[in-house]
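Take a look at the structure below.
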Amino acid sequence: MIQIETKVKIPFLWGKSVFKKTNWSQINLIVGPNGSGKTLLAQQLANEFTTAGYITKFITVDRNYTEQIHILREKPEIRNKIEIVLSNMFGKSILFIEDINGIYIPIVKNKAWNVDYLLDDVECHGLREIISLLICLYNKDDANCIFFDEPELHLHPQLQTFFINEIRKEVRNSSRRVFFLISHSPFFIDLRTPEELIGVIACHINNPPTSIDNLSSEDESLMKRFLPRFNSYHKQFFFSDNQIFVEGYTDQQMLTYLLSFIRDNSNIAGTGIIDVGGKDELGVFCKICQLLGTNSRIITDLDSLFSGKLRDVISNDERIKKWLSKQEDKQSAFYRYIFTKKELNCPVTMERLITKLEKLLISISNDLKKNRNNHEISEDISLLFSKLDYLEQKHENAQSIDTYKTVVMQVINNQYEQLTEFLSEQNKKMIPIIKNLFQFILAAAEAARVYILPKGCIEHYYTQSKILYMPVSGKDKLFRIELDFLQDAHRKTVMKNYSELISLLEKATSL
(Lines give C-alpha, C1' and ligand atoms only; values in the text may rest on other atoms or scores of the structure.)
Protein backbone atom coordinates (compact mmCIF):
# COMPACT_ATOMS: atom_id res chain seq x y z
CA MET A 1 0.00 0.00 0.00
CA ILE A 2 1.24 3.50 -0.91
CA GLN A 3 0.51 6.49 1.33
CA ILE A 4 0.18 9.86 -0.38
CA GLU A 5 -2.23 12.43 1.01
CA THR A 6 -4.25 13.92 -1.85
CA LYS A 7 -6.94 16.60 -2.00
CA VAL A 8 -8.85 17.41 -5.17
CA LYS A 9 -11.42 20.16 -5.76
CA ILE A 10 -13.53 20.48 -8.92
CA PRO A 11 -16.18 23.07 -7.92
CA PHE A 12 -18.20 23.00 -11.14
CA LEU A 13 -18.73 19.24 -10.67
CA TRP A 14 -18.93 18.82 -6.86
CA GLY A 15 -19.54 22.31 -5.45
CA LYS A 16 -17.58 22.89 -2.24
CA SER A 17 -16.88 19.19 -1.65
CA VAL A 18 -13.30 17.95 -1.62
CA PHE A 19 -12.10 14.47 -2.55
CA LYS A 20 -9.50 13.25 -0.08
CA LYS A 21 -7.57 10.02 -0.12
CA THR A 22 -4.37 8.84 1.54
CA ASN A 23 -3.99 5.11 0.88
CA TRP A 24 -3.37 3.87 -2.66
CA SER A 25 -2.80 0.55 -4.34
CA GLN A 26 -0.17 0.10 -7.03
CA ILE A 27 -3.03 -0.53 -9.44
CA ASN A 28 -5.82 2.03 -9.07
CA LEU A 29 -9.11 2.15 -10.95
CA ILE A 30 -11.15 5.29 -11.60
CA VAL A 31 -14.67 4.21 -12.55
CA GLY A 32 -18.15 5.67 -12.88
CA PRO A 33 -20.72 6.84 -15.43
CA ASN A 34 -20.04 9.25 -18.31
CA GLY A 35 -19.95 12.87 -17.23
CA SER A 36 -18.87 12.13 -13.65
CA GLY A 37 -15.44 13.76 -14.02
CA LYS A 38 -13.18 10.71 -14.14
CA THR A 39 -10.59 12.21 -16.50
CA LEU A 40 -10.57 15.58 -14.72
CA LEU A 41 -10.04 13.81 -11.39
CA ALA A 42 -7.22 11.73 -12.88
CA GLN A 43 -5.47 14.84 -14.22
CA GLN A 44 -5.58 16.46 -10.78
CA LEU A 45 -4.33 13.27 -9.14
CA ALA A 46 -1.45 13.21 -11.63
CA ASN A 47 -0.46 16.67 -10.35
CA GLU A 48 -0.70 15.46 -6.75
CA PHE A 49 1.55 12.47 -7.44
CA THR A 50 4.02 14.70 -9.29
CA THR A 51 4.19 16.94 -6.24
CA ALA A 52 4.82 13.84 -4.13
CA GLY A 53 7.94 13.05 -6.19
CA TYR A 54 6.61 10.66 -8.85
CA ILE A 55 7.39 11.01 -12.53
CA THR A 56 3.91 10.91 -14.03
CA LYS A 57 2.70 10.34 -17.54
CA PHE A 58 -0.89 10.70 -18.76
CA ILE A 59 -1.81 8.44 -21.69
CA THR A 60 -4.88 10.07 -23.24
CA VAL A 61 -7.54 8.42 -25.39
CA ASP A 62 -5.91 10.06 -28.44
CA ARG A 63 -2.79 7.94 -28.21
CA ASN A 64 -0.17 9.08 -30.74
CA TYR A 65 0.97 5.79 -32.15
CA THR A 66 3.49 7.27 -34.62
CA GLU A 67 5.29 9.15 -31.84
CA GLN A 68 5.52 6.06 -29.65
CA ILE A 69 6.66 3.56 -32.26
CA HIS A 70 10.20 5.02 -32.46
CA ILE A 71 10.84 3.69 -28.94
CA LEU A 72 10.81 0.17 -30.37
CA ARG A 73 13.83 1.10 -32.50
CA GLU A 74 15.63 2.96 -29.72
CA LYS A 75 15.04 0.29 -27.07
CA PRO A 76 15.48 -3.18 -28.53
CA GLU A 77 14.64 -4.85 -25.19
CA ILE A 78 11.11 -3.39 -25.40
CA ARG A 79 10.84 -4.32 -29.07
CA ASN A 80 11.91 -7.90 -28.32
CA LYS A 81 9.42 -8.17 -25.51
CA ILE A 82 6.55 -6.94 -27.68
CA GLU A 83 7.59 -9.18 -30.55
CA ILE A 84 7.35 -12.18 -28.22
CA VAL A 85 3.91 -11.06 -27.03
CA LEU A 86 2.60 -10.66 -30.58
CA SER A 87 4.11 -13.90 -31.75
CA ASN A 88 2.50 -15.82 -28.91
CA MET A 89 -0.85 -14.11 -29.19
CA PHE A 90 -1.34 -13.58 -32.94
CA GLY A 91 1.34 -15.59 -34.66
CA LYS A 92 2.79 -12.24 -35.81
CA SER A 93 5.94 -10.28 -35.07
CA ILE A 94 7.14 -6.73 -35.69
CA LEU A 95 10.29 -5.95 -37.65
CA PHE A 96 11.70 -2.54 -38.55
CA ILE A 97 13.19 -1.49 -41.85
CA GLU A 98 14.79 1.82 -42.73
CA ASP A 99 13.22 3.69 -45.65
CA ILE A 100 15.07 5.94 -48.09
CA ASN A 101 14.65 8.90 -45.71
CA GLY A 102 16.29 7.07 -42.82
CA ILE A 103 13.02 6.61 -40.96
CA TYR A 104 12.32 3.23 -39.39
CA ILE A 105 9.00 1.77 -40.50
CA PRO A 106 7.24 -1.03 -38.58
CA ILE A 107 6.61 -4.14 -40.63
CA VAL A 108 4.31 -6.97 -39.58
CA LYS A 109 5.40 -10.46 -40.49
CA ASN A 110 2.43 -12.84 -40.55
CA LYS A 111 4.01 -16.24 -39.97
CA ALA A 112 0.80 -18.11 -40.74
CA TRP A 113 0.91 -17.05 -44.42
CA ASN A 114 4.56 -16.03 -44.65
CA VAL A 115 3.75 -12.50 -45.81
CA ASP A 116 5.04 -9.07 -44.74
CA TYR A 117 3.10 -5.79 -44.77
CA LEU A 118 3.21 -2.28 -43.40
CA LEU A 119 1.60 -2.04 -39.98
CA ASP A 120 0.31 1.49 -40.64
CA ASP A 121 -1.42 0.49 -43.87
CA VAL A 122 -3.13 -2.76 -42.98
CA GLU A 123 -3.26 -3.70 -39.33
CA CYS A 124 -6.38 -3.38 -37.16
CA HIS A 125 -6.88 -0.70 -34.51
CA GLY A 126 -6.74 -3.29 -31.74
CA LEU A 127 -3.20 -4.38 -32.55
CA ARG A 128 -2.02 -0.78 -32.78
CA GLU A 129 -3.64 0.01 -29.44
CA ILE A 130 -2.11 -2.92 -27.58
CA ILE A 131 1.34 -2.07 -29.01
CA SER A 132 0.97 1.57 -27.87
CA LEU A 133 -0.14 0.50 -24.40
CA LEU A 134 2.65 -2.03 -24.03
CA ILE A 135 5.27 0.50 -25.10
CA CYS A 136 4.11 2.83 -22.32
CA LEU A 137 3.95 -0.02 -19.84
CA TYR A 138 7.36 -1.55 -20.59
CA ASN A 139 9.21 1.77 -20.91
CA LYS A 140 10.27 2.01 -17.26
CA ASP A 141 12.62 4.96 -17.86
CA ASP A 142 9.77 7.18 -19.00
CA ALA A 143 7.62 7.40 -15.83
CA ASN A 144 6.86 5.50 -12.64
CA CYS A 145 3.26 6.70 -12.30
CA ILE A 146 1.19 6.15 -15.43
CA PHE A 147 -2.43 7.13 -16.06
CA PHE A 148 -4.19 5.20 -18.83
CA ASP A 149 -7.39 6.89 -20.01
CA GLU A 150 -9.84 4.29 -21.38
CA PRO A 151 -7.25 1.60 -22.14
CA GLU A 152 -10.07 -0.64 -23.38
CA LEU A 153 -10.55 1.38 -26.59
CA HIS A 154 -10.50 -0.95 -29.64
CA LEU A 155 -9.41 -3.87 -27.48
CA HIS A 156 -11.15 -7.24 -27.48
CA PRO A 157 -11.90 -8.53 -23.92
CA GLN A 158 -9.07 -11.04 -24.39
CA LEU A 159 -6.60 -8.18 -24.93
CA GLN A 160 -8.03 -6.20 -22.02
CA THR A 161 -7.49 -9.16 -19.72
CA PHE A 162 -4.01 -9.65 -21.13
CA PHE A 163 -3.09 -6.00 -20.55
CA ILE A 164 -4.21 -5.91 -16.91
CA ASN A 165 -2.23 -9.10 -16.33
CA GLU A 166 0.85 -7.44 -17.84
CA ILE A 167 0.37 -4.51 -15.47
CA ARG A 168 0.28 -7.01 -12.61
CA LYS A 169 3.60 -8.46 -13.74
CA GLU A 170 5.15 -4.99 -13.77
CA VAL A 171 3.83 -4.30 -10.27
CA ARG A 172 5.32 -7.54 -8.95
CA ASN A 173 8.71 -6.52 -10.32
CA SER A 174 8.70 -3.00 -8.88
CA SER A 175 7.12 -1.71 -5.67
CA ARG A 176 7.70 1.88 -6.83
CA ARG A 177 5.55 1.80 -10.00
CA VAL A 178 1.94 3.03 -9.75
CA PHE A 179 -0.81 2.74 -12.35
CA PHE A 180 -4.19 4.43 -12.76
CA LEU A 181 -6.77 3.08 -15.19
CA ILE A 182 -9.74 5.29 -16.09
CA SER A 183 -12.10 2.70 -17.46
CA HIS A 184 -15.64 1.70 -18.42
CA SER A 185 -14.72 -1.95 -18.82
CA PRO A 186 -15.52 -4.67 -16.26
CA PHE A 187 -12.50 -6.61 -17.54
CA PHE A 188 -10.21 -4.10 -15.85
CA ILE A 189 -12.05 -4.44 -12.52
CA ASP A 190 -9.80 -7.37 -11.75
CA LEU A 191 -9.79 -7.27 -7.95
CA ARG A 192 -7.96 -10.16 -6.34
CA THR A 193 -7.16 -8.95 -2.84
CA PRO A 194 -8.94 -6.65 -0.36
CA GLU A 195 -6.06 -4.19 -0.67
CA GLU A 196 -6.84 -3.75 -4.36
CA LEU A 197 -10.35 -2.64 -3.43
CA ILE A 198 -8.69 0.34 -1.73
CA GLY A 199 -7.42 1.36 -5.17
CA VAL A 200 -10.96 1.80 -6.57
CA ILE A 201 -12.30 5.35 -6.90
CA ALA A 202 -16.01 5.55 -7.75
CA CYS A 203 -17.09 8.77 -9.49
CA HIS A 204 -20.68 10.02 -9.35
CA ILE A 205 -22.86 12.54 -11.15
CA ASN A 206 -23.02 15.85 -9.20
CA ASN A 207 -21.29 14.34 -6.16
CA PRO A 208 -17.63 13.95 -5.19
CA PRO A 209 -15.88 10.63 -5.82
CA THR A 210 -15.81 8.03 -3.07
CA SER A 211 -13.32 5.35 -2.17
CA ILE A 212 -12.17 3.08 0.64
CA ASP A 213 -9.11 4.18 2.59
CA ASN A 214 -9.10 1.36 5.14
CA LEU A 215 -10.79 -2.00 5.69
CA SER A 216 -11.58 -3.47 9.09
CA SER A 217 -10.27 -6.99 9.72
CA GLU A 218 -13.86 -8.25 9.49
CA ASP A 219 -14.44 -6.54 6.13
CA GLU A 220 -11.08 -7.75 4.86
CA SER A 221 -11.97 -11.33 5.76
CA LEU A 222 -15.35 -10.95 4.05
CA MET A 223 -13.76 -9.61 0.85
CA LYS A 224 -11.23 -12.44 0.73
CA ARG A 225 -14.12 -14.91 0.52
CA PHE A 226 -16.15 -12.77 -1.86
CA LEU A 227 -13.72 -11.51 -4.50
CA PRO A 228 -13.14 -14.92 -6.17
CA ARG A 229 -16.91 -15.05 -6.91
CA PHE A 230 -17.01 -11.50 -8.28
CA ASN A 231 -17.55 -11.88 -12.05
CA SER A 232 -17.68 -9.43 -14.98
CA TYR A 233 -21.48 -9.35 -14.92
CA HIS A 234 -21.52 -8.27 -11.26
CA LYS A 235 -19.04 -5.48 -11.96
CA GLN A 236 -21.61 -3.36 -13.81
CA PHE A 237 -22.39 -1.52 -10.60
CA PHE A 238 -18.98 0.19 -10.72
CA PHE A 239 -20.15 2.16 -13.74
CA SER A 240 -23.52 3.40 -12.46
CA ASP A 241 -25.03 4.28 -9.10
CA ASN A 242 -28.43 3.08 -10.30
CA GLN A 243 -27.86 -0.67 -10.31
CA ILE A 244 -30.35 -2.93 -8.51
CA PHE A 245 -29.16 -6.22 -7.02
CA VAL A 246 -31.48 -9.22 -6.65
CA GLU A 247 -30.99 -12.81 -5.51
CA GLY A 248 -31.64 -14.96 -8.59
CA TYR A 249 -32.23 -14.96 -12.32
CA THR A 250 -36.05 -15.15 -12.10
CA ASP A 251 -36.07 -11.97 -10.01
CA GLN A 252 -33.70 -10.38 -12.52
CA GLN A 253 -35.78 -11.35 -15.54
CA MET A 254 -39.15 -10.35 -14.06
CA LEU A 255 -37.99 -7.00 -12.69
CA THR A 256 -36.03 -6.14 -15.84
CA TYR A 257 -39.16 -6.73 -17.90
CA LEU A 258 -41.28 -4.59 -15.54
CA LEU A 259 -38.70 -1.80 -15.39
CA SER A 260 -40.07 -0.28 -18.61
CA PHE A 261 -43.55 0.04 -17.02
CA ILE A 262 -42.65 2.51 -14.28
CA ARG A 263 -44.17 5.96 -14.74
CA ASP A 264 -41.03 8.11 -14.49
CA ASN A 265 -38.69 6.74 -17.14
CA SER A 266 -36.12 9.47 -16.44
CA ASN A 267 -35.16 7.62 -13.26
CA ILE A 268 -34.17 4.41 -15.01
CA ALA A 269 -31.35 5.84 -17.12
CA GLY A 270 -28.31 3.69 -16.45
CA THR A 271 -30.30 1.26 -14.32
CA GLY A 272 -29.59 -2.44 -14.61
CA ILE A 273 -30.81 -5.36 -12.52
CA ILE A 274 -28.08 -7.80 -11.49
CA ASP A 275 -28.65 -11.22 -9.95
CA VAL A 276 -25.93 -12.28 -7.53
CA GLY A 277 -26.89 -15.84 -6.57
CA GLY A 278 -28.29 -15.66 -3.05
CA LYS A 279 -29.13 -13.49 -0.06
CA ASP A 280 -25.68 -13.83 1.51
CA GLU A 281 -24.15 -12.49 -1.71
CA LEU A 282 -26.66 -9.63 -1.52
CA GLY A 283 -25.26 -8.88 1.91
CA VAL A 284 -21.75 -8.67 0.51
CA PHE A 285 -22.83 -6.38 -2.34
CA CYS A 286 -24.67 -4.21 0.16
CA LYS A 287 -21.49 -3.99 2.21
CA ILE A 288 -19.22 -3.19 -0.69
CA CYS A 289 -21.63 -0.46 -1.85
CA GLN A 290 -21.58 0.98 1.67
CA LEU A 291 -17.78 0.98 1.71
CA LEU A 292 -17.44 2.53 -1.75
CA GLY A 293 -20.20 5.08 -1.15
CA THR A 294 -22.27 4.05 -4.18
CA ASN A 295 -26.04 4.41 -4.15
CA SER A 296 -26.90 0.95 -5.42
CA ARG A 297 -30.20 -0.67 -4.40
CA ILE A 298 -31.25 -4.14 -3.32
CA ILE A 299 -34.56 -5.98 -3.77
CA THR A 300 -34.70 -9.13 -1.70
CA ASP A 301 -36.95 -11.91 -0.40
CA LEU A 302 -38.67 -11.66 2.95
CA ASP A 303 -36.55 -14.42 4.52
CA SER A 304 -33.48 -12.14 4.21
CA LEU A 305 -34.91 -10.28 7.18
CA PHE A 306 -34.52 -13.25 9.50
CA SER A 307 -30.99 -14.49 8.79
CA GLY A 308 -27.92 -14.09 6.66
CA LYS A 309 -25.26 -11.54 5.79
CA LEU A 310 -27.73 -8.95 4.47
CA ARG A 311 -29.45 -8.77 7.84
CA ASP A 312 -26.08 -8.23 9.54
CA VAL A 313 -25.10 -5.49 7.10
CA ILE A 314 -28.31 -3.47 7.25
CA SER A 315 -28.43 -3.78 11.03
CA ASN A 316 -25.14 -1.84 11.14
CA ASP A 317 -25.88 0.56 8.28
CA GLU A 318 -25.37 4.19 9.32
CA ARG A 319 -28.27 5.37 7.16
CA ILE A 320 -30.67 3.12 9.07
CA LYS A 321 -29.22 4.25 12.40
CA LYS A 322 -29.84 7.89 11.45
CA TRP A 323 -33.36 7.09 10.25
CA LEU A 324 -34.20 5.33 13.52
CA SER A 325 -32.76 8.21 15.50
CA LYS A 326 -35.11 10.63 13.74
CA GLN A 327 -38.06 8.33 14.49
CA GLU A 328 -37.35 8.06 18.21
CA ASP A 329 -39.75 10.76 19.47
CA LYS A 330 -42.49 9.93 16.99
CA GLN A 331 -42.41 6.22 17.82
CA SER A 332 -41.92 6.50 21.59
CA ALA A 333 -45.45 5.23 22.41
CA PHE A 334 -45.03 2.33 20.00
CA TYR A 335 -41.66 1.44 21.50
CA ARG A 336 -43.14 1.46 25.00
CA TYR A 337 -45.78 -1.00 23.83
CA ILE A 338 -43.42 -3.56 22.29
CA PHE A 339 -40.41 -3.20 24.61
CA THR A 340 -40.17 -3.47 28.39
CA LYS A 341 -38.84 -0.57 30.48
CA LYS A 342 -35.61 -2.48 30.95
CA GLU A 343 -35.27 -3.07 27.21
CA LEU A 344 -35.74 0.64 26.55
CA ASN A 345 -32.67 1.43 28.62
CA CYS A 346 -30.72 0.54 25.47
CA PRO A 347 -31.09 2.30 22.10
CA VAL A 348 -33.61 0.83 19.66
CA THR A 349 -31.65 -0.69 16.78
CA MET A 350 -32.60 -2.52 13.61
CA GLU A 351 -31.33 -5.77 15.09
CA ARG A 352 -33.46 -5.37 18.21
CA LEU A 353 -36.56 -4.57 16.14
CA ILE A 354 -36.10 -7.68 14.01
CA THR A 355 -35.42 -9.82 17.09
CA LYS A 356 -38.61 -8.53 18.70
CA LEU A 357 -40.57 -9.34 15.54
CA GLU A 358 -39.14 -12.86 15.56
CA LYS A 359 -40.21 -13.43 19.18
CA LEU A 360 -43.75 -12.29 18.41
CA LEU A 361 -43.92 -14.56 15.36
CA ILE A 362 -42.81 -17.56 17.41
CA SER A 363 -45.52 -16.78 19.95
CA ILE A 364 -48.10 -16.81 17.15
CA SER A 365 -46.74 -20.08 15.75
CA ASN A 366 -46.96 -21.71 19.19
CA ASP A 367 -50.65 -20.79 19.38
CA LEU A 368 -51.22 -22.21 15.90
CA LYS A 369 -49.65 -25.54 16.81
CA LYS A 370 -51.45 -25.68 20.13
CA ASN A 371 -54.92 -25.08 18.71
CA ARG A 372 -54.69 -26.65 15.25
CA ASN A 373 -56.77 -29.72 16.18
CA ASN A 374 -59.57 -27.77 17.85
CA HIS A 375 -61.07 -26.17 14.75
CA GLU A 376 -62.01 -26.83 11.16
CA ILE A 377 -59.20 -25.92 8.82
CA SER A 378 -59.60 -24.20 5.45
CA GLU A 379 -57.56 -25.19 2.43
CA ASP A 380 -55.18 -22.23 2.80
CA ILE A 381 -54.59 -22.86 6.52
CA SER A 382 -54.17 -26.56 5.84
CA LEU A 383 -51.40 -25.66 3.43
CA LEU A 384 -49.87 -23.43 6.12
CA PHE A 385 -49.70 -26.31 8.59
CA SER A 386 -48.25 -28.56 5.89
CA LYS A 387 -45.45 -26.05 5.32
CA LEU A 388 -44.73 -25.74 9.04
CA ASP A 389 -44.82 -29.53 9.47
CA TYR A 390 -42.41 -29.93 6.58
CA LEU A 391 -39.97 -27.46 8.12
CA GLU A 392 -40.23 -29.09 11.55
CA GLN A 393 -39.45 -32.49 10.04
CA LYS A 394 -36.53 -31.08 8.08
CA HIS A 395 -34.93 -29.00 10.85
CA GLU A 396 -34.26 -29.92 14.44
CA ASN A 397 -35.08 -26.42 15.72
CA ALA A 398 -37.45 -25.29 12.99
CA GLN A 399 -38.63 -22.13 14.73
CA SER A 400 -35.13 -20.66 14.46
CA ILE A 401 -35.14 -21.13 10.67
CA ASP A 402 -35.66 -18.02 8.53
CA THR A 403 -38.21 -19.77 6.28
CA TYR A 404 -40.32 -20.82 9.28
CA LYS A 405 -40.61 -17.24 10.52
CA THR A 406 -41.27 -16.06 6.97
CA VAL A 407 -44.22 -18.46 6.61
CA VAL A 408 -45.77 -17.20 9.86
CA MET A 409 -45.29 -13.59 8.70
CA GLN A 410 -46.90 -14.46 5.36
CA VAL A 411 -50.02 -15.86 6.95
CA ILE A 412 -50.33 -12.82 9.21
CA ASN A 413 -50.07 -10.50 6.20
CA ASN A 414 -52.37 -12.43 3.88
CA GLN A 415 -54.75 -14.73 5.78
CA TYR A 416 -55.10 -13.09 9.19
CA GLU A 417 -58.91 -13.39 9.26
CA GLN A 418 -58.65 -17.17 9.05
CA LEU A 419 -56.17 -17.22 11.96
CA THR A 420 -58.23 -15.62 14.70
CA GLU A 421 -59.85 -18.81 15.97
CA PHE A 422 -56.42 -20.39 16.51
CA LEU A 423 -55.06 -17.54 18.64
CA SER A 424 -55.30 -16.59 22.28
CA GLU A 425 -56.92 -13.26 23.10
CA GLN A 426 -53.51 -11.80 23.88
CA ASN A 427 -52.07 -12.84 20.53
CA LYS A 428 -55.14 -11.62 18.66
CA LYS A 429 -54.38 -8.17 20.06
CA MET A 430 -50.73 -8.53 19.01
CA ILE A 431 -51.49 -9.10 15.32
CA PRO A 432 -51.93 -5.35 14.51
CA ILE A 433 -48.76 -4.64 16.48
CA ILE A 434 -46.85 -7.28 14.49
CA LYS A 435 -48.11 -5.78 11.23
CA ASN A 436 -47.07 -2.27 12.29
CA LEU A 437 -43.68 -3.47 13.46
CA PHE A 438 -43.17 -5.31 10.18
CA GLN A 439 -43.99 -2.21 8.12
CA PHE A 440 -41.75 -0.11 10.34
CA ILE A 441 -38.82 -2.48 9.76
CA LEU A 442 -39.42 -2.41 5.98
CA ALA A 443 -39.38 1.40 6.06
CA ALA A 444 -36.13 1.38 8.04
CA ALA A 445 -34.53 -0.98 5.49
CA GLU A 446 -35.51 1.40 2.70
CA ALA A 447 -33.34 4.07 4.34
CA ALA A 448 -30.40 1.92 3.19
CA ARG A 449 -32.02 1.41 -0.25
CA VAL A 450 -32.90 -2.19 0.64
CA TYR A 451 -36.40 -3.17 -0.48
CA ILE A 452 -37.85 -6.34 1.03
CA LEU A 453 -40.64 -8.15 -0.84
CA PRO A 454 -43.41 -8.14 1.83
CA LYS A 455 -45.29 -11.05 0.26
CA GLY A 456 -42.27 -13.35 0.40
CA CYS A 457 -40.42 -13.82 -2.89
CA ILE A 458 -41.00 -12.92 -6.53
CA GLU A 459 -43.21 -15.99 -7.11
CA HIS A 460 -45.78 -14.62 -4.63
CA TYR A 461 -46.43 -11.78 -7.08
CA TYR A 462 -47.14 -14.09 -10.01
CA THR A 463 -50.64 -13.88 -11.46
CA GLN A 464 -50.77 -17.20 -13.33
CA SER A 465 -50.09 -19.41 -10.30
CA LYS A 466 -51.41 -19.27 -6.74
CA ILE A 467 -48.50 -19.47 -4.31
CA LEU A 468 -49.08 -18.70 -0.64
CA TYR A 469 -46.03 -19.67 1.37
CA MET A 470 -42.34 -20.34 1.21
CA PRO A 471 -40.41 -22.40 0.29
CA VAL A 472 -41.46 -22.45 -3.36
CA SER A 473 -40.70 -25.48 -5.55
CA GLY A 474 -40.58 -25.68 -9.34
CA LYS A 475 -39.51 -22.06 -9.71
CA ASP A 476 -38.25 -22.45 -13.25
CA LYS A 477 -41.55 -23.84 -14.55
CA LEU A 478 -43.58 -21.19 -12.71
CA PHE A 479 -41.36 -18.48 -14.17
CA ARG A 480 -41.76 -19.69 -17.75
CA ILE A 481 -45.56 -19.70 -17.39
CA GLU A 482 -45.50 -16.18 -15.99
CA LEU A 483 -43.11 -14.87 -18.62
CA ASP A 484 -45.27 -16.26 -21.44
CA PHE A 485 -48.24 -14.38 -20.01
CA LEU A 486 -46.23 -11.18 -19.52
CA GLN A 487 -44.92 -11.10 -23.06
CA ASP A 488 -48.40 -11.42 -24.57
CA ALA A 489 -50.26 -9.16 -22.12
CA HIS A 490 -51.48 -5.65 -22.93
CA ARG A 491 -49.65 -2.81 -21.20
CA LYS A 492 -52.69 -1.93 -19.06
CA THR A 493 -52.99 -5.54 -17.96
CA VAL A 494 -49.36 -5.62 -16.91
CA MET A 495 -49.72 -2.32 -15.03
CA LYS A 496 -52.73 -3.65 -13.16
CA ASN A 497 -51.57 -7.21 -12.46
CA TYR A 498 -48.06 -6.28 -11.32
CA SER A 499 -48.82 -2.93 -9.70
CA GLU A 500 -47.11 -3.90 -6.42
CA LEU A 501 -43.83 -4.84 -8.11
CA ILE A 502 -43.94 -1.78 -10.36
CA SER A 503 -44.49 0.45 -7.30
CA LEU A 504 -41.53 -1.22 -5.60
CA LEU A 505 -39.37 -0.56 -8.67
CA GLU A 506 -40.47 3.07 -8.67
CA LYS A 507 -39.25 3.37 -5.08
CA ALA A 508 -35.99 1.64 -5.89
CA THR A 509 -35.26 3.84 -8.92
CA SER A 510 -36.25 7.13 -7.31
CA LEU A 511 -33.40 9.59 -6.78
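The values are calculated or read from the model by the stated rules, or taken from the named source; none is laboratory data. These numbers were taken from a predicted model, which means no experiment stands behind them. With ideal geometry, Cβ positions are generated from the backbone for all residues, glycine too; neighbour counts draw on all protein chains shown. Remember, those area values only see protein heavy atoms, side chains included, never the ligands or the DNA or RNA. Shrake-Rupley method; radii C 1.70, N 1.55, O 1.52, S 1.80 Å.
Side notes on the structure shown:
- The C-alpha atoms of the chain define a longest principal axis, and helix 402-414 lies at about 60 degrees to it.
- Taking amide H positions as modeled 1.01 Å from N, with prolines and chain starts lacking one, the residues under 5 Å from F180 and 5 or more places away or on another chain are N28, I146, F147, F148.
- Available extension along the chain between K20 and S503 is 170.1 nm, counting 0.36 nm per residue and deducting the alpha carbon span.
- Charge dipole (the chain, unit charges on Cβ, about Cα centre) - positive-most of T256, N214, Y104: N214
- Mean projected area of the convex hull spanned by the Cα atoms of the chain, taken over all viewing directions: 31.5 nm².
- Rg to Rh, two decimals, where region 44-188 supplies the alpha carbon set and Rh follows Kirkwood: 0.97
- Carbon/sulfur fraction of accessible area - the chain, other protein chains in place, 1.4 Å, %: 49 percent
- Relative contact order [Cα under 8 Å, 6+ residues apart], region 242-353, whole percent: 27 percent
- Cβ-derived FRET efficiency at R0 25 Å, Q3 paired with T349, nearest 0.05: 0.10
- Based on C-alpha pairs under 8 angstrom that are at least 6 apart in sequence, region 51-119 has a relative contact order of 18 percent.
- Between 0 and 90°, nearest 10: helix 157-173 axis offset from the chain longest Cα axis: 80 degrees
- Applied to region 494-506, the Karplus parametrisation 6.51 cos²θ - 1.76 cosθ + 1.60 on θ = phi - 60° returns per-residue 3J(HN,Hα) values of 5, 4, 6, 5, 10, 4, 5, 5, 5, 5, 5, 5, 5 Hz, with x for Gly and Pro.
- When the C-alpha to C-alpha distance is required to be over 21 Å, the pairs from K356/K428; K387/K466; K16/K287; K38/K235; K405/K435; K370/K428 that qualify are K16/K287.
- Dipole magnitude of the chain about its Cα centre (Cβ charges: Lys, Arg +1; Asp, Glu -1), debye to nearest 20: 1280 debye
- Averaging the sequence gap over all C-alpha pairs within less than 8 Å and six or more residues apart, then dividing by the number of residues, gives the chain a relative contact order of 14 percent.
- For V200, the residues 5 or more places off, or on other chains, whose built amide H falls under 5 Å of its own are L29, I212.
- Entry comment: accessible area of the chain is 47 Å² per residue, from protein heavy atoms only and a probe of 1.4 Å.
- Computed from the C-beta positions of S473 and K169 and an R0 of 45 Å, the FRET efficiency is 0.35 to the nearest 0.05.
- At R0 = 51 Å, FRET efficiency that the Cβ-Cβ distance of N214 and E74 yields, to 0.05: 0.75
- Rounded to whole Hz, the Karplus (6.51, -1.76, 1.60) HN-Hα couplings of region 283-291, x for glycine and proline: x, 5, 5, 4, 5, 5, 5, 4, 5
- Spin-label model, Y117/T420: points 7 Å from Cα along the beta carbon direction are separated by 8.4 nm.
- On Cα atoms only, tilt of 38-51 relative to the major axis of the chain in degrees: 60 degrees
- Selection from T161, G35, L511, by position along the positive dipole direction of the chain (Cβ): L511
- Around the Cα centre of region 385-425, unit charges on the Cβ atoms of Lys, Arg, Asp and Glu (plus for the first two, minus for the last two) sum to a dipole of about 180 debye.
- Taking amide hydrogens as placed 1.01 Å from N in the peptide plane, the amide H of I273 sits under 5 Å from those of I244, each at least 5 positions away in sequence or on another chain.
- Computed from backbone phi with θ = phi - 60° and the Karplus coefficients 6.51, -1.76 and 1.60, the 3J(HN,Hα) list for region 358-373 is 4, 4, 5, 5, 5, 4, 5, 5, 5, 4, 4, 5, 5, 10, 5, 8 Hz; x is used for glycine and proline.
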